[in-house]
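Got a structure for you, written out below as structure tokens; questions coming shortly.
The values are calculated or read from the model by the stated rules, or taken from the named source; none is laboratory data. Just so it is clear, the structure is predicted and the values come from calculations on it, not from any experiment. All Cβ positions, even for glycine, are placed from backbone atoms using ideal geometry, and neighbour counts span all protein chains on display.
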Amino acid sequence: MEAQRQCQVQSVTFITPETFILRFSREDLTFQPGQYLSVGLAGHREQREYSIYSSLTADFLEILVRVVPDGKVSRQLAQTKPGDLLAVDGPFGYFLISEAQKQKPFLFIATGTGLSPFHCLANSLPTLDYQFLHGVRHQEEQYGYAEFDRSRLVSCVTGGGGDYQGRVTQYLRDHDWLPETQVYLCGNCDMIYDAFDLLKEKGIPSSQIFTEVYF
């Protein structure tokens, strides 16, 4: 594990009233697409884990943060200004794509800010053959799409609008997938459990299903 770094905030960009992209200096940190960082204010003990949102080639780091009403760290990060210092640990995690997998088809499935690692993966590994399902409640939560190949992305909006009206799990029920598909799930645990079972029913072996739970 790499030593803790102090990174300088560069920008805070709100993309919905409660979700923002926090950009900060990279400080020569190396990572693999799909990994996460533990981030908090410098000088404070509290940190939270956030998947890396920015691409491997960017000279900065970005994370996607949703402000949680009782979440101390998310509220602190939302109030930072350029020049403020962050305590950053990591990278951590094994939500990765191996060299042996890269020629296979991928299905990425996320809810809400679970989009973050897929934003990093799609922009860091542009030759991947993937389809991305993003489940949200409201149309305004369809963020970050400009950096994806839009023909590969399906927004599943339960509140109406989007490419598909309904949950990502319903979309899975309505479609079939190649048996060699590599499936990556990131989001709330209920979606992950339901999608995991549906995918196995569709003939995807559990050894080809990879998960990252956002609580």
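Could you give me the residue pairs with C-beta distances under 6 Å whose first residue belongs to segment 59-75 and is more than 12 Å from PHE14 (Cα to Cα), whose second residue is among the small types (Gly, Ala, Ser) and not in a strand (DSSP E or B) wherever it lies, and which are 6+ apart or on separate chains?
Final answer for the pair search is LEU61/SER54; GLU62/SER54; VAL68/SER74.
Those residues that are touching a residue at least 12 places away in the same chain (Cβ under 8 Å) and assigned to a loop (DSSP other than H, G, I, E, B), I need them from segment 1-26; list them, please.
MET1, GLU2, GLN4, GLU18, ARG26
Related question: Among the residues in segment 50-61, are any among the hydroxyl-bearing types (Ser, Thr, Tyr), part of a loop (DSSP other than H, G, I, E, B), assigned by TED's automatic domain parsing to the domain that holds VAL154 and over 20 Å from THR19 (Cβ atoms)? Before the answer, list the steps.
Residues of segment 50-61 that are among the hydroxyl-bearing types (Ser, Thr, Tyr), as a first pass: 50-51, 53-55, 57.
Applying the additional criterion that residues be part of a loop (DSSP other than H, G, I, E, B) yields 53-55, 57.
Those still in the list that are assigned by TED's automatic domain parsing to the domain that holds VAL154 too: none.
Among the residues of segment 50-61, not one is among the hydroxyl-bearing types (Ser, Thr, Tyr), part of a loop (DSSP other than H, G, I, E, B), assigned by TED's automatic domain parsing to the domain that holds VAL154 and over 20 Å from THR19 (Cβ atoms), which makes the answer no.
Can you tell me which residue among GLY83, GLY114 is in contact (Cβ under 8 Å) with a residue 60 or more places away in the chain, outside the structural domain of LEU198 (by TED's automatic domain parsing) and in contact with a strand residue (DSSP E or B) (Cβ under 7 Å, 6 or more places away or on another chain)? Step through it out loud before you land on a result.
Working: GLY114 fails: outside the structural domain of LEU198 (by TED's automatic domain parsing).
Residue meeting the stated conditions: GLY83.
Evaluate segment 151-165: report whether one residue or more is in contact with a Ser or Thr (Cβ under 7 Å, 6 or more places away or on another chain), closer than 20 Å to GLU212 by Cα and not aliphatic (A, V, I, L, M).
no
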